[in-house]
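Encoded as structure tokens, the structure appears first; notes follow it.
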Amino acid sequence: MSTKEFVIFGTRHLGDTLVLSELIYNIKLAYEDSKVCLVVYPQWEYIAKLMNNIDKIVVLDKRGKHKGITGTLKLKEEIGYKDIYASIIPFRRQRHIWISIALGSKYILFNDINFFFDRFIRHSKYKITTNPKLHITTDTAGLLKGITEHEIVHIPIKLNKSNVIKKSFDINLTECVAINPIGDGDYKDLPLENLIDLISFFNKKSQKIILLGKGGKAQNYAEALRQNNIPFIDFVNKTSIEDLTSLLCDIKCLLTVDTGTAHLATYLGTKTLWLTYQNNIWAADSIYKNSDWVSKNESSEVIYKKMTDLISV
């Protein structure tokens, strides 16, 4: 049986890249003698190295060496696969369709792109998967249904912690709870007054709190905590992706509104409370015993109780 070669475009956010682990796992189940190349943005190359069952990682420099037709040919050369069975594009990127055609992929699997593009590609020779009801973040492996009848297996994602670059910190992380109160939109953020209440609850129990986050708003939260004389350990704007990964391996528990950080912590095995803005649609499900979720609209008391329950498990 010939080797089946797959190219997956993991070119979106941190969490979106991590959830591709289940897709890759199911490829290996359905096609035992398969090779998987994962194409990622530069900022997620390190994360890709923590994922399992990947045979090759190619970093996409879309504004540099991989720009335009010449760049596409360069990308094809770097991928190096000569007989690609399927290119898989989980997230809407029309350019990746054209790249997949240039790669000579037998099948191209993707979720909805847009009406006109769908109609064009439907009349081509390429097999497609378009399913408007497919929640691509939680069922990425569902794209394989376009080419295989093999049962899709839903398994807990585990990252390869042996590949984590361990960093040294001046604190004992095992005694710390980390909180990331800022997401990628105001609608996701934990209100400042709730953060103050939460940290105050923990401080009464002599629990050390690390504040995580990126950007100006996270910095403003840190400054507000100082002005209110709230004790905390300030890691805002101080962690690279390598630092964050190392830190998450060792802390007692994480509370976060940022789904990318939540995915990373959950898949590293860290106790993680997802603070969500729309029920649990983005949160890890019950197969993750180290993870739970709560609405950010709940009271500080409820969120604190959820955290302490998770820590005590």
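Bear in mind these aren't lab numbers, they're just calculated from the coordinates by the rules spelled out. The structure displayed is predicted, hence computed values, not measured ones. Please note: Cβ atoms are built from the backbone with ideal geometry, for glycine as well, and neighbour counts cover all protein chains shown.
Extension gain, GLU223-THR148: 0.36 nm per intervening residue step, less the Cα-Cα distance, totals 21.6 nm.
Taking all pairs of different Cα atoms in the stretch 144-185, averaging 1/r and flipping that mean, what Kirkwood radius in angstroms comes out? Kirkwood radius, the stretch 144-185: 15.7 Å. Electrostatic bookkeeping for ILE152 treats Lys and Arg as +1 and Asp and Glu as -1; over the other residues with beta carbon under 12 Å from its beta carbon, the sum is -3. What shape does the stretch 162-312 have by the C-alpha gyration tensor, where a ≥ b ≥ c are the square roots of the eigenvalues, rounded means a/c under 1.5, and otherwise prolate means a/b greater than b/c and oblate the rest? Rounded. By the rule of a C-alpha distance below 20 Å, with chain neighbours fewer than 8 residues away ignored, the lysines paired with LYS208 are LYS167, LYS238, LYS252, LYS271, LYS305, LYS306. With 0.36 nm allotted per residue and the present C-alpha distance subtracted, the ASN297-LYS238 stretch has 18.4 nm of extension available.
Each of TYR41, TYR304 was scored by other Cβ atoms within 10 Å of its Cβ. Arranged with the fewest first, they read TYR41, TYR304.
Within the straight-line cut-off of under 13 Å between alpha carbons, the aspartates and glutamates reachable from LYS76 are ASP61, sequence neighbours fewer than 8 places apart in one chain being disregarded.
For the chain, the calculated P(r), taken from all Cα-Cα distances in 20 Å bins from zero up to the bin holding the longest distance, is 31, 51, 17, 0 percent. Ordering PHE202, PHE6 by the number of other Cβ atoms within 10 Å of each residue's own Cβ, fewest first, gives PHE202, PHE6. The local environment of TYR81, defined by Cβ-Cβ distances under 12 Å, has a net charge of +1 under the rule Lys, Arg +1 and Asp, Glu -1. Compared with the dominant Cα axis of the chain, that is its longest principal axis, helix 192-204 is turned about 60°. Going from the fewest other Cβ atoms within 10 Å to the most, the residues SER300, SER295, SER21 appear in the order SER295, SER300, SER21.
Ranking ILE147, THR261, ALA218 by how far each Cα lies toward the positive end of the dipole of the chain (charges on Cβ) leaves ILE147 at the top.
Across the stretch 19-29, computed HN-Hα scalar couplings (Karplus, 6.51 cos²θ - 1.76 cosθ + 1.60, θ = phi - 60°) run 5, 5, 4, 5, 4, 5, 4, 6, 4, 5, 6 Hz from first to last residue, x flagging Gly and Pro.
The stretch between ILE196 and ASN52 holds 48.0 nm of extra length on full extension. This uses 0.36 nm per residue minus the Cα-Cα distance.
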